[in-house]
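Inspection log for the structure reproduced underneath, given as structure tokens.
The numbers here are math on the coordinates, done by the rules we state, and not lab data. Note that this is a predicted model, so its numbers are computed, not measured. A quick note on method: Cβ atoms are made from the backbone with ideal geometry, for glycine too, and the neighbour counts reach across all protein chains shown.
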Amino acid sequence: MHARSIGVSEQLSAVILTLIVLSSMPLLFIYTNNFISMTEQRISRKIIESEASVKQALDIAAAYISGDELILVIASNNYPVKLYGVYVNESLFTSYCNINGGTVEGHVVEPLYLEVITCSIGLTNFTLIKLTYEGGVIEAYASRI
């Protein structure tokens, strides 16, 4: 008598395993391709942000309180700088401030230029000022003179 074995042969199991591996390769390729492109986009965005922050340098040349007004004298670098807002003691004060009679938000400071921002803040002796702009945030302390 001849015993008959029932099951999958080694050749058939090797073919099935090869088909499974080959069919998973496109999924692995798509995942790897998406991961690489997302990483490349993040790196490109960081490079652009770093270039903007280096180019768009801004400095507070003077900050003081006179009467009930805060006076900020700002100086720009070799590139134009777009202003976003003024914070006084961690509170947004942009609506109480003006620059050349206009609004601070969206104002562009020309290269190598001094601008004066005035804010109505009331009576206070010492404040923390943060000025946000396209290149980042700068801080200064202002006291009454």
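State the extension gain, in nm to one decimal, for the chain segment bounded by residue 100 and residue 61, taking 0.36 nm per residue of separation less the distance between their alpha-carbons. Please list the in-between numbers first.
Numbers: separation 39, 0.36 × 39 = 14.04 nm, distance 1.69 nm.
Result: 12.4 nm gained on full extension.
Can you give me the relative contact order of the chain as a percent, contacts being Cα pairs under 8 Å and 6 or more apart?
Values: 244 pairs, mean separation 34.2, N = 145.
Dividing the mean separation by the residue count of the chain yields 24 percent.
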Revision key, fill the gap. Residues 22, 131 in order from fewest to most other beta-carbon atoms within 10 Å are 22, 131
Review point. Simple spin-label model, 7 Å along Cα-to-Cβ: residue 12 to residue 78 in nm?
Key: 7.5 nm
**Study point:** Relative contact order for the range 73-141, counting Cα pairs under 8 Å that sit 6 or more residues apart, in percent
**Key:** 40 percent
Practice item. In a Gaussian network model over the chain where Cα atoms closer than 10 Å are linked, find which of 109, 15, 73 has the largest mean-square fluctuation. Key: 15
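Determine the calculated [θ] at 222 nm for the chain from helices alone, applying -39500 (n - 2.57) to every DSSP H run no shorter than 4 residues and normalising by the residue count; nearest 500 deg cm²/dmol.
My calculation for the chain gives -12000 deg cm²/dmol from helical runs alone.
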Check your understanding: To the nearest 10 degrees, how steep is helix 10-55 against the longest Cα principal axis of the chain, on a 0 to 90 scale?
Key -> 10 degrees
